[in-house]
1. Starting from the amide H of V139, placed 1.01 Å from N in the peptide plane, find each other amide H under 5 Å away whose residue is 5 or more places distant or on another chain.
2. Given that compact globular proteins tend to follow 2.2 N^0.38 Å, what is the ratio of the alpha-carbon Rg of region 80-182 to that value?
3. Per-residue counts of other Cβ atoms within 10 Å, averaged by peptide: what ranking do you get for 33-46, 172-185, 120-133, highest first?
4. Mind listing P(r) for region 59-105? All alpha-carbon pairs, 10 Å bins, whole percents.
5. Which pairs, out of K86/K161; K52/K94; K128/K183; K63/K94; K63/K161; K86/K128, put more than 19 Å between their alpha-carbon atoms?
6. May I have the convex hull volume per residue, in Å³, for the Cα set of region 67-140?
7. Quick check: pseudo-label points 7 Å beyond the Cα along Cα→Cβ at D41 and S56, how many nm apart are they?
Amino acid sequence: DSVSDWSFRRPGFQPFGEHTVNASWVAVQELERLGLGQSVDLHVCEVPVEYKTVQSLLPQLWKQHQPQLVVHVGVSGIATAVTLEKCGHNHGYKRVDNHGFCPDSQCCVDGAPDCIDSVIDMGLVCKKVNSSSLGVTVVVSEDAGRYLCDYTYYMSLYLGKGRSAFIHVPPLEKPYSAQDLGKALQAVVGEMLELMGAVEDDDLQRCSHQHAH
């Protein structure tokens, strides 16, 4: 099984702005209830909508759990489908957080690349989930919004060398229920873990060939 013995962490975000109930955290809690199977070690965490907290918390989480994959989940007020973000961006953070703060540099990591892509093929994940009988539409995006979602995603991609993903969900009942979103996360993450297994196997094969020569 390509997802056996996976260490996996899934942070969702706390309420912010007009989102008095953050659909991402509700969806993550529903996923925790549904689970990802006995072979997956699932950890969940609610992330404050604060730049400084993200700067200190994410390195701690990566070091503590050493996960093969971290998937962040955020809510988007303009989304009508479950949205898989392909990449995170380093610059352009001008919007203040829940404490009225934004980085002076308006960037995540000084001197780092402008954009980092996930190692996961989001288009393939999208295609597989949409071809199922799930009943929830999944789409792919290349712009996570230049706020805490994008900021957090970039930090995880940087820390995990691309072994991260970000999923935007719509507000609750617009059009999906908490149960719908939980099932969608379960399906999407399941496909991601399958692909991560393929990536790990491919890396091992390349390493083996290199040593053989």
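1. Hits under the 5 Å cutoff: V82, T83, L84.
2. 1.17
3. Highest mean packing first, the order is 172-185, 120-133, 33-46.
4. Result, from short to long distances: 17, 34, 43, 6 percent.
5. Checking Cα-Cα distances, K63/K94 exceed 19 Å.
6. 139
7. Rounded to a tenth, the inter-label distance reads 2.6 nm.
No value in this document is a laboratory result; all are computed from the given coordinates. Just so you know, these numbers come straight off a predicted model, no measurement behind them. Glycine gets a Cβ as well: all are built from the backbone with ideal geometry, and neighbour counts include every protein chain shown.
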